[in-house]
Amino acid sequence: MPTIIAIIGYSDSGKTTLVENLLREITGRGLRVGTIKHTHHTAANPGKDTDRHLAAGAAATILHAPDRVQVTAAGSEDVDPTALATAFLADCDLILAEGYKSSELPRIEVFRSEKHEKLITTDPSLLVAVTGDRPPDLGEAPFVPADDIARLADLILERVRRPSDPPHVVLMVDGRKVPIKFFVRDIFDKTVRGLVSTLRGGENAKKIELVLDRPDREKSD
């Protein structure tokens, strides 16, 4: 189950911009990140094919377009974000949930002094950080300026559930380092070590270097 961090704040406080910046920073570090956007506005699109499928009884429908795949399912206001993450985003390392200020999710609150006088969050133990303007009732929660995205990402990643002592695995493809998710590292490590351990001299290997090279073959006439 991926870690879920809520990004909360009043309307027009900068939540979506913060989510965008965090996505660029955290995915740049090699993690797979999903998002959930909570809104009180209806997403129904009467007359469109996907809505017609749902109205006819489909549990969910997938719109497959040239530029994206979009999953739509009938929902309700009381659907828990954890259930959505399990159903649709289970292969992610982290999920940023924009909204859900009434939930018990750990969160970053975007505070704007012109929008409200005090923090929305009443339980300080839920706060990963506060950003935007420094609130008068900050308490013990860390305050991070909105332009210090790297620091905000660091605080989030401290909450990400990772395997204990993850193996150090580096994947190079044609001279380029390819980011690997935590669970994929574990699969590489266990699979390669399992195979090598069956070979003479590989029983207690500490460091393994494997190169897969497929030379270009000339096309035959």
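Taking the criterion of being part of a loop (DSSP other than H, G, I, E, B), in contact (Cβ under 8 Å) with a residue 12 or more places away in the chain, in contact with a helix residue (DSSP H, G or I) (Cβ under 6 Å, 6 or more places away or on another chain) and not assigned by TED's automatic domain parsing to the domain that holds P179, would at least one residue in region 64-73 satisfy it? No, the conditions are met nowhere in region 64-73. Of the numbered criteria (1) surrounded by 14 or more Cβ atoms within 10 Å (Cβ to Cβ); (2) modelled with pLDDT of 90 or more, the one T61 fails is (2). For residues that are surrounded by fewer than 18 Cβ atoms within 10 Å (Cβ to Cβ) and of a type in the set (A, V, I, L, M), scanning just region 78-106, find the one that is nearest to L31 (Cα to Cα). Selected residue: A90. Residues that are closer than 14 Å to I36 by Cα and either aliphatic (A, V, I, L, M) or at pLDDT 80 or above (or both) within region 74-90 comprise V79, D80, P81, T82, A83, L84, A85, T86, A87, F88, L89, A90, listed in sequence order. Among the numbered conditions (1) closer than 22 Å to I26 by Cβ; (2) modelled with pLDDT under 90, the only one that E109 does not meet is (2).
Identify all residues within region 79-120 that are more than 22 Å from the chain's Cα centre (by Cα) and part of a loop (DSSP other than H, G, I, E, B); write none if there are none. Walk me through how you get there before you give the answer.
Our first condition is that a residue be more than 22 Å from the chain's Cα centre (by Cα); within region 79-120, this holds for 111-120.
Of everything in region 79-120, those that are more than 22 Å from the chain's Cα centre (by Cα) and part of a loop (DSSP other than H, G, I, E, B) turn out to be R112, S113, E114, K115, H116, E117, K118, L119, I120.
One residue alone among P145, P215 is modelled with pLDDT of 80 or more and either part of a loop (DSSP other than H, G, I, E, B) or not assigned by TED's automatic domain parsing to the domain that holds L31 (or both), and that residue is P145.
Being assigned by TED's automatic domain parsing to the domain that holds R24 and part of a helix (DSSP H, G or I): is that true of S125 here? Here the answer is yes, as S125 does meet what is asked.
Does region 23-30 contain any residue that is touching a Lys or Arg at 6+ places or on another chain (Cβ under 8 Å) and modelled with pLDDT under 90? Yes, the conditions are met somewhere in region 23-30.
The values are calculated or read from the model by the stated rules, or taken from the named source; none is laboratory data. Predicted model only: the values in this text are computed from it and were never measured. Methodologically, a virtual Cβ is constructed for each residue, glycine included, from the backbone with ideal geometry; neighbour enumeration extends over all protein chains shown.
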